Amino acid sequence: MHLSSFPRPPLNMVRSGAVKDPKEWSFCGYNEIQKPKERYGIIDYRTLIALLHMRNIEELQESQMSWIAEELSSKSLNRESKWTESIAVGSEDFVGVTMESLGIRARGRYTVGENGTYELRESATSYSVNLGAKNDVVRPKNMYLWDGIV
């Protein structure tokens, strides 16, 4: 499978300059897949392999290494907002089910989509309303004022 079929690999520590390759960062999904823990792992490998239509863990590991190498060689390490600023990303059905499961908490959230990929988003609100002007630089992408509803 080609990298464009999936979200860009999470390279936050590479983007930040902390490491040159994700294998250098112990606490990341890359190492969780390349060196699976026998106990207390955070990834459900069986489900992930099935969702990616792969045969086994070895194919997943090989694909992940390929995706990371392709991404690192592209020299394009910019964030992609749909993955970093959305509540859910996926098919229209998946995003709809996610929104329904939020119940009252879905208030103020909306769906956007193109090319078969949909995102569940929420309106931007300034943190300065609640936190004061000194915190105004905080990115408000995932905040919604509930008008007194708790």
### Query
Among the residues of region 63-71, is any touching a residue at least 40 places away in the same chain (Cβ under 8 Å), touching a strand residue (DSSP E or B) at 6+ places or on another chain (Cβ under 9 Å), β-branched (Val, Ile, Thr) and on the phi < 0 side of the Ramachandran plot?
no
### Message
Please pick out the residue among Trp67, Trp83 that is under 18 Å from the mean Cα position of the chain (by Cα), loosely packed, with under 13 Cβ neighbours inside 10 Å, not in a loop (DSSP other than H, G, I, E, B) and not charged (D, E, K, R).
### Response
Trp83
## Note on the structure
Ser63 vs (1) closer than 30 Å to Glu24 by Cβ; (2) modelled with pLDDT under 90; (3) among the polar types (S, T, N, Q): all pass except (2)
### Query
For region 30-46, what are the residues that are surrounded by 14 or more Cβ atoms within 10 Å (Cβ to Cβ) and not hydrophobic (A, V, I, L, M, F, W, C)?
Tyr30, Asn31, Glu32, Gln34, Tyr45
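Which of the following residues is at pLDDT 90 or above and not polar (S, T, N, Q): Ile42, Ile49, Ile87?
Only one candidate passes the filter, namely Ile49.
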#### Entry: Subset of region 86-105 (residues that are assigned to a helix (DSSP H, G or I) and buried (at least 16 other Cβ atoms within 10 Å of the Cβ))
Val95, Thr98, Met99
### Task
Would you check if there is a residue in region 73-82 being assigned by TED's automatic domain parsing to the domain that holds Met13 and at pLDDT 85 or above?
yes
### Residue among Tyr127, Tyr118, Tyr144 that is of a type outside the set (Lys, Arg), at pLDDT below 90 and touching a strand residue (DSSP E or B) at 6+ places or on another chain (Cβ under 6 Å)
Tyr144
### Message
Need the failing condition index for Pro22 against (1) in contact with a helix residue (DSSP H, G or I) (Cβ under 6 Å, 6 or more places away or on another chain); (2) farther than 22 Å from Glu85 by Cβ, just the number.
### Response
(2)
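The values are calculated or read from the model by the stated rules, or taken from the named source; none is laboratory data. Note that this is a predicted model, so its numbers are computed, not measured. So basically every Cβ, Gly included, is an ideal-geometry build from the backbone, and we count neighbours across all protein chains shown.
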